[in-house]
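Written below as structure tokens is the structure these notes are about.
The values are calculated or read from the model by the stated rules, or taken from the named source; none is laboratory data. Computed from a predicted model, the values in this text were never measured in an experiment. Counting neighbours? That spans all protein chains shown, and the Cβs are built from the backbone with ideal geometry, glycine included. Protein only, heavy atoms only, side chains kept; ligands, DNA and RNA dropped before computing areas. Shrake-Rupley method; radii C 1.70, N 1.55, O 1.52, S 1.80 Å.
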Amino acid sequence: MSGQIGHDRLRSLMRRGTDFLGCEVAVMGGAMSWISERNLVSALSNAGAFGVIACGAMTPALLDTEIAETKARTERPFGVNLITMHPQLSELIEVCGRHGVGHIVLAGGLPPSGSLDRIKATGAKLICFAPALSLARKLIRSGVDALVIEGMEAGGHIGPVSTNVLAQEILPEVAGDIPVFVAGGIGRGEAIAGYLEMGAAGVQLGTRFVCANECIAHPNFKRAFIRASARDAVPSVQFDPRLPVIPVRALRNKETEAFTAKQREVAALLDAKSVEMAEAQLQIEHYWAGALRRAVIDGDVETGSVMAGQSVGMVKKEEPAADIIRHLVDEAAAALDRRAVLA
């Protein structure tokens, strides 16, 4: 067990993140479609962390209900993750504003024109993803309030650079200007302590919370996580260079082959000029949403998409979200304790 010195040091290192988020532990829940909904989000916030609703492809009416149901389960702060390419982004921002959502996370590229001002007008703080230092600087100039830097070890849509490299490249340059949360492949508290010491305000974890008791994922989905090792979580392969498909990391299964077939199908539509590029990309997104739902909700872990980060090998059992948070905090504090002794 960690001593008081480690816990005090951890609180000090996390203070910028906890002050920004309004929670006790600077750990954001990664927004996972079908998974990061009212039950898991409220459980994370009630445990002292910061839950984030994954809006994904929800309509404004569905998001309205989800936020209301989450507020009914927790009085603590939580955020909402919106996708930049959503055709009703403006309406979704309005829904967040009506509910007084304090933090909006925008994922999927640079904020579309006007969206940043609309979010700021609601009073919410805006968090964006920065997969490169140049983009981080551009987002800071545009007025975002915080950044998430997520490495390729993460589950779901991923970029090409590892968390370790992104942290070294971006934290020393911008962490003094804006809170930065590190994500991708984080499964233990020792890693959290390391990134905090490098200047991060906090971290974001998704995969680690899938096997929380409160998570509604199908038992088959959770069993797949518990059985898997890090090497089972592999990125999808791009079939056609004209179709700029963002790779997705998931557990290897029949779905891995099916996605290649889907890309061929969409590429053929492009060849025939039946669809524009934007529509082709939207078809791919809808495909992923459906494949993920089959796995998460229906429990089809063979032909559904079992999106998982490489930290899946550290998921050993199903347990309450509060216990997961407590383990992470104790591990981080113990690591800081050991460094204090060696100093």
Given (1) surrounded by 15 or more Cβ atoms within 10 Å (Cβ to Cβ); (2) more than 19 Å from R188 (Cα to Cα), number of the condition A278 does not satisfy: (1)
Scope the range 1-12; condition touching a residue at least 40 places away in the same chain (Cβ under 8 Å) and surrounded by fewer than 23 Cβ atoms within 10 Å (Cβ to Cβ); matching residues: M1, S2, G3, I5, H7, R9
Cβ contacts < 8 Å: first residue in contact (Cβ under 8 Å) with a residue 24 or more places away in the chain, restricted to the range 51-75; second residue open to solvent by 70 Å² or more (accessible area, probe 1.4 Å), any location; separation 6+ or different chain. Result? A54/W34; G56/W34; A57/H286; P60/E91; P60/E94; D64/R98; R73/N46; T74/N46
Name the residue that is nearest to L292 (Cα to Cα), counting only residues in the range 129-155 that are open to solvent by less than 40 Å² (accessible area, probe 1.4 Å) and under 13 Å from the mean Cα position of the chain (by Cα). G155
With respect to V52, determine if the residue is within 20 Å of A217 (Cα to Cα) and either among the hydrophobic types (A, V, I, L, M, F, W, C) or out of contact with any Phe, Trp or Tyr (no Cβ under 9 Å at 6 or more places or on another chain) (or both). yes
Here are the criteria: (1) open to solvent by 40 Å² or more (accessible area, probe 1.4 Å); (2) modelled with pLDDT under 85. Tell me which single one R293 does not satisfy. (2)
Only residues that are under 11 Å from the mean Cα position of the chain (by Cα) and surrounded by fewer than 24 Cβ atoms within 10 Å (Cβ to Cβ): list them for the range 26-82, please. S33
Looking at (1) touching a residue at least 24 places away in the same chain (Cβ under 8 Å); (2) open to solvent by less than 50 Å² (accessible area, probe 1.4 Å); (3) touching a Gly at 6+ places or on another chain (Cβ under 9 Å), which is the one condition that is false for L126? (1)
Selection within the range 87-113 - touching a helix residue (DSSP H, G or I) at 6+ places or on another chain (Cβ under 8 Å) and open to solvent by 20 Å² or more (accessible area, probe 1.4 Å): Q88, S90, E91, E94, G97, R98, H99, L110, P111, P112
Just give me the residues in the range 311-323 being under 24 Å from S162 (Cα atoms) and open to solvent by less than 50 Å² (accessible area, probe 1.4 Å), in sequence order. S311, V312, G313, V315
How many residues are assigned to a helix (DSSP H, G or I), touching a helix residue (DSSP H, G or I) at 6+ places or on another chain (Cβ under 6 Å) and under 15 Å from G29 (Cβ atoms) when one looks only at the range 315-332? 2
Return the pair list, or none, for Cβ contacts closer than 9 Å from residues in the range 250-268 that are closer than 24 Å to G206 by Cβ and of a type in the set (D, E, K, R) to residues that are modelled with pLDDT under 85 and open to solvent by 30 Å² or more (accessible area, probe 1.4 Å), at least 6 apart or on different chains. K262/F239; K262/Q283
Output yes when any residue across the range 295-304 is among the polar types (S, T, N, Q) and over 30 Å from Q4 (Cβ atoms), and no when none is. yes
Hey, among V180, V105, V174, which residue is in contact (Cβ under 8 Å) with a residue 24 or more places away in the chain, closer than 30 Å to A233 by Cβ, of a type in the set (A, V, I, L, M, F, W, C) and touching a Lys or Arg at 6+ places or on another chain (Cβ under 9 Å)? V174
Matching residues in the range 110-131 - criterion: being part of a strand (DSSP E or B) and under 19 Å from H99 (Cβ atoms): K125, L126, I127
Within the range 75-108, how many residues are farther than 20 Å from P179 by Cα and β-branched (V, I, T)? 4
